[in-house]
Amino acid sequence: MPWVDVSNLAKAMRILDGAARENGGLLVDAIHFFRAEDSLQALAKVPRKLLRYTQLCDARPERPADLQEIIRQARSDRLFPGEGGLDLHGLLAALPAGLPLSLEVPVSRKLEPLERARRALDATRAILTMGEHA
């Protein structure tokens, strides 16, 4: 997360390398990855054994200049996969096949729980299906 001490991929890798623990691992969260301005090329070089799972969401394509706005979007105003401008196809392509995915999509608009779940599932299926044909 860009607002904490371990704010990007390089810092996380230094910690994992320094700790050299078998149970160490990396969680890649789409919004934090792109807001930290990390590179897909660097992510693709992370050893598979360190990657545990990925949290998928989308966000507005422009990175806010204000750190408080980055935090606000991350905590309460993400978008369903495919509704924003993050390179989710590139992210998924840089990660190993079969890596577990979870959704973390705190959206700001009010939706009934079943509708929220349906929209999240439909959006995620669309991203994953498009990735198969890309």
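The values are calculated or read from the model by the stated rules, or taken from the named source; none is laboratory data. Only a predicted model underlies this, so the values are computations on that prediction, with no experimental measurement involved. With ideal geometry, Cβ positions are generated from the backbone for all residues, glycine too; neighbour counts draw on all protein chains shown. For the accessible areas, the whole protein counts, side chains as well, though only heavy atoms, and no ligand, DNA or RNA atoms are used. Shrake-Rupley method; radii C 1.70, N 1.55, O 1.52, S 1.80 Å.
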Among beta bridges assigned by DSSP with both residues in the chain, the antiparallel ones amount in percent, to the nearest 5, to 10
For the chain, inverting the pair-averaged 1/r of distinct alpha-carbon atoms gives a Kirkwood value in Å of 15.5
Residues whose modelled amide H sits under 5 Å from the amide H of Arg60, counting only those 5 or more places away in sequence or on another chain, are Gly85
Under 5 Å from the placed amide H of Gln55, counting only residues 5+ away or on other chains, we find Val28, Asp29, Ala30, Ser102
Here the net charge surrounding Gly85, from other residues whose Cβ is less than 11 Å away from its Cβ (Lys, Arg +1; Asp, Glu -1), is -2
Along the range 109-123, Karplus-curve 3J(HN,Hα) (6.51, -1.76, 1.60; θ = phi - 60°) to the nearest Hz, with x for Gly and Pro, reads 7, 6, 9, 5, x, 5, 5, 4, 5, 4, 5, 5, 5, 4, 5
As straight-line cross-link partners of Lys11, the qualifying aspartates and glutamates (C-alpha separation under 19 Å, not fewer than 8 residues apart within one chain) are Glu22, Asp29, Glu37, Asp38
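Please give the per residue accessible area of the range 1-63, computed with a probe of 1.4 Å over protein heavy atoms only, in Å².
Numbers: 3580 Å² over 63 residues.
In whole numbers, the range 1-63 has 57 Å² accessible per residue.
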What helix-only [θ] at 222 nm does the chain give? Using -39500 (n - 2.57) per DSSP H run of at least 4, over all residues, to the nearest 500, the answer is -13000 deg cm²/dmol
For Asp122, the accessible surface traced by a 1.4 Å probe with all protein chains present amounts, in square angstrom to the nearest 10, to 70
Total charge of the residues flanking Gln55 in space, meaning their Cβ is under 12 Å from its Cβ, with Lys and Arg +1 and Asp and Glu -1, is -1
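Report relative contact order for the chain in percent, whole number only (criteria: Cα-Cα under 8 Å, sequence separation at least 6).
On the way: 168 pairs, mean separation 32.3, N = 134.
Relative contact order of the chain: 24 percent.
Based on the Cβ-Cβ distance of Thr129 and Ala20, what FRET efficiency does E = 1/(1 + (r/R0)^6) give at R0 = 41 Å, to the nearest 0.05? Could the numbers behind the result be given before it?
Values: r = 39 Å, r/R0 = 0.95.
Between Thr129 and Ala20 the formula returns 0.55.
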The extension gain from Leu114 to Arg63, computed as 0.36 nm times the residue separation minus the Cα-Cα distance, is 15.3 nm
